[in-house]
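Visitor: Dropping the structure in here first, questions after.
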């Protein structure tokens with residue numbers, strides 16, 4: 001009964017988060033029509049529901065089911081790939097001043113949501129690097145963030161933006177410290 005209540009409550013919270021926040025944010029990353037939009041929307045809903053169920057399990061039971069964890073990981077990397085690399089083609093743009101992004105985030109609601117999403121989407125990455133020494137984490141964070149921005153600009157799927165690199169870097173570090181402190185039992 002307890003697991004059923006956790007699952008039901010997690011599904012409701014996940015859906016409400018999707019409906020109130022994520023559904024409006026997805027069009028910031030990809031066109032709001034077509035198969036890519038549908039796939040990303042479904043993946044986002046799945047990861048939010050699975051994530052909320054897992055979070056409630058962690059809070060209440062201090063553990064996560066291995067199948068739920070696997071679904072979350074696969075969905076997470078699929079969303080990351082689609083959001084970062086399957087956007088519509090755009091021109092090559094380089095934004096080297098991080099203050100430009102910061103000012104945009106404070107003056108434009110859409111940019112604020114996109115900035116929060118850019119940071120938040122890399123927090124789960126911290127789980128996968130939680131066993132690295134901090135010096136290696138620092139290098140990994142810079143390399144992965146820089147690589148993503150370079151691939152996006154080379155394939156014309158996004159801008160090269162130093163502010164995004166900082167957000168990815170911060171997201172990975174937040175996740176690292178959360179998962180270093182918070183031991184997750186996957187069973």
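Here is a yes/no grid of residues against (1) farther than 23 Å from residue 151 by Cα; (2) modelled with pLDDT of 85 or more:
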| residue | (1), (2) |
| --- | --- |
| 14 | yes, yes |
| 27 | no, no |
| 80 | no, no |
| 94 | no, yes |
| 102 | no, yes |
| 115 | no, yes |
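Yes/no per residue for (1) closer than 21 Å to residue 9 by Cβ; (2) within 15 Å of the chain's Cα centre (by Cα):
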| residue | (1), (2) |
| --- | --- |
| 29 | no, yes |
| 32 | no, no |
| 35 | no, no |
| 39 | no, no |
| 47 | yes, yes |
| 55 | yes, no |
| 65 | yes, no |
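Visitor: Hey, can you tell me all the residues within the range 106-132 that are in contact (Cβ under 8 Å) with a residue 24 or more places away in the chain and either part of a helix (DSSP H, G or I) or assigned by TED's automatic domain parsing to the domain that holds residue 25 (or both)?
Guide: Of everything in the range 106-132, those that are in contact (Cβ under 8 Å) with a residue 24 or more places away in the chain and either part of a helix (DSSP H, G or I) or assigned by TED's automatic domain parsing to the domain that holds residue 25 (or both) turn out to be 110, 113, 114, 115, 117, 118, 119, 120, 125, 126, 127.
Visitor: Related question: So, of the residues in the range 141-156 that are in contact (Cβ under 8 Å) with a residue 40 or more places away in the chain and assigned to a helix (DSSP H, G or I), which turns out to be nearest to the chain's Cα centre (by Cα)?
Guide: Checked the range 141-156; the qualifying residue nearest to the chain's Cα centre (by Cα) is 148.
Visitor: Suppose we filter the range 1-34 for residues that are surrounded by fewer than 18 Cβ atoms within 10 Å (Cβ to Cβ) and either in contact with a helix residue (DSSP H, G or I) (Cβ under 8 Å, 6 or more places away or on another chain) or assigned to a helix (DSSP H, G or I) (or both); how many remain?
Guide: The first filter runs over the range 1-34 and keeps only residues surrounded by fewer than 18 Cβ atoms within 10 Å (Cβ to Cβ), leaving 1-5, 7-9, 11-13, 15-17, 19-21, 23-25, 27-28, 31-34.
Narrowing the set further to residues that are either in contact with a helix residue (DSSP H, G or I) (Cβ under 8 Å, 6 or more places away or on another chain) or assigned to a helix (DSSP H, G or I) (or both) leaves 2-5, 7-9, 11-13, 15-17, 19-21, 23-25, 27-28, 31-32.
The qualifying residues number 23.
Residue-wise test of (1) assigned by TED's automatic domain parsing to the domain that holds residue 26; (2) closer than 30 Å to residue 4 by Cβ; (3) surrounded by 15 or more Cβ atoms within 10 Å (Cβ to Cβ).
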site	(1), (2), (3)
36	yes, no, yes
39	yes, yes, yes
42	yes, yes, no
51	yes, yes, yes
59	yes, yes, no
66	yes, yes, no
71	yes, yes, yes
98	no, no, yes
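The values are calculated or read from the model by the stated rules, or taken from the named source; none is laboratory data. This one's a predicted model, so the numbers in the text were calculated from it and none came from an experiment. So basically every Cβ, Gly included, is an ideal-geometry build from the backbone, and we count neighbours across all protein chains shown.
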